[in-house]
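A.B. asks: I have a structure here, written as structure tokens, and I will follow up with some questions on it.
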């Protein structure tokens, strides 16, 4: 699941974007403040940023410049009501990767976001196979031996992240940061509960696919030998 930060002070537009993008599988966090956007970008990880240029306290352009000056590399698409070539050029020259002029169609924003995410995710594969599991990142489906497994959206997002990073160990905090909302009150128990549901769904009764690495976190494998740890 792609984690997006939406910086937009138009409440109605923000609500429409959240609804539309959530249906497409995005986890969307919203702020209408440039100052808050700067704080979030320095504190939490995101996969893509949707940034309005006109904000009440700090301009989106300033947010953009500050983020890039600190080394922030997350792809950014700017939203602007200004259709002048110079305004668009200024945004792109300041570090934006794409732009849309208001008003725009939600389908166009969605297509632009998909293109950005593909470009900045090392060409994320459309399909991933690990052991008997197959993940389709386009259709957002998980299958085992060709049979589709239905998961809750959050559980699917967790599996997608792990299958994109097989045999890498992630702590509970790291998984919460990448999959849950940044200010979520979810705890380690949310992670344990999610993995319990996923293991049941994929038939991982001996915890060899999703392995607990003692004192370090969780790792997805092809179902080979376990590393020996508490489950």
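A.B. asks: Could you tell me what percent of the DSSP beta bridges with both partners in the chain are antiparallel, to the nearest 5?
C.D. replies: 50 percent
A.B. asks: Continuing with the same structure: Once you keep just the Cα pairs under 8 angstrom separated by 6 or more residues, what percentage relative contact order results for segment 66-195?
C.D. replies: Relative contact order, segment 66-195: 13 percent.
A.B. asks: If I fit a long axis through the Cα atoms of helix 34-43 and take the longest principal axis of the Cα atoms of the chain, what angle between them do I get, 0 to 90°, rounded to 10?
C.D. replies: Tilt of helix 34-43: around 30 degrees.
A.B. asks: Using Cα-Cα distances under 8 Å and only pairs 6 or more residues apart, what relative contact order does segment 3-119 have, in percent?
C.D. replies: It rounds to 24 percent for segment 3-119.
A.B. asks: Count the DSSP beta bridges whose two residues both fall in segment 20-110, then state the antiparallel fraction as a percent rounded to the nearest 5.
C.D. replies: 0 percent
A.B. asks: So if I take the centroid of the Cα atoms in segment 24-89 and the same for segment 115-163, what is the distance between those two points in Å?
C.D. replies: So the separation of the two Cα centres works out to 28 Å.
A.B. asks: Mind running the shape call on the chain? Use the C-alpha gyration tensor, a ≥ b ≥ c as the square roots of the eigenvalues: rounded below 1.5 for a/c, prolate if a/b tops b/c, oblate otherwise.
C.D. replies: Since a/c reaches 1.5 and a/b is larger than b/c, the shape of the chain is classed as prolate.
Each value in this text was obtained by applying a stated rule to the coordinates, not by laboratory testing. Values in this document were obtained by computation on a predicted structure and should not be read as measured data.
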